[in-house]
Amino acid sequence: MLPSAMKAKYEKVLKVTGDKKNLLDPEVQRFLANHDSISWKDVINGGETVRFQKEVQKGNVEVIYQVKNRMNKKKVKMVETILSVQEMKDMMSSLSANDKKTAGSYTVLH
């Protein structure tokens with residue numbers, strides 16, 4: 001089994017460091033016109049990866065990794081019965097072994 005950190009989904013976001021927006025390359029400033037941060041996917045789609053990497057090296061832009069949890073919640077099957085407890089016991093005793101195993105995975109509400 002993999003640890004939960006390895007199952008997680010990561011997203012890279014580039015954010016302007018402090019008040020250094022005026023020090024950025026003009027093309028990078030165009031990408032960040034109305035925002036302080038941008039998704040790495042948007043940078044790749046815009047074809048400006050080299051310019052952004054240079055800004056990261058200069059310290060004008062920082063890379064932030066956002067971790068999105070992909071863990072699934074455990075679900076329990078529940079069934080509400082109209083039978084009495086005694087009728088349920090009688091029904092369970094008449095089932096085959098495989099059917100008992102399947103029926104045992106349900107939580108029964110009375």
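The values are calculated or read from the model by the stated rules, or taken from the named source; none is laboratory data. Everything quoted here is computed from the prediction, not taken from an experiment. Here the Cβ is made from the backbone with ideal geometry for all residues, glycine too, and neighbour counts use every protein chain on show.
State yes or no: is Val67 at pLDDT 85 or above and out of contact with any Cys (no Cβ under 9 Å at 6 or more places or on another chain)? So Val67 does not fit the description; no. Looking only at residues of the stretch 32-57 that are in contact with a strand residue (DSSP E or B) (Cβ under 7 Å, 6 or more places away or on another chain) and among the acidic types (Asp, Glu), we find that the one that is nearest to Asp19 (Cα to Cα) is Asp36.
Counting only strands (runs of 3 or more DSSP E) that sit wholly inside the stretch 6-83, those with at least 2 residues that are within 30 Å of Thr102 (Cβ to Cβ) and over 21 Å from the mean Cα position of the chain (by Cα) are 78-80. Here the condition is being free of Cβ contacts under 8 Å to residues at least 60 places away in the same chain, in contact with a Phe, Trp or Tyr (Cβ under 6 Å, 6 or more places away or on another chain) and either surrounded by 12 or more Cβ atoms within 10 Å (Cβ to Cβ) or at negative phi (or both); of Lys77, Lys54, Lys89, it holds for Lys77 alone.
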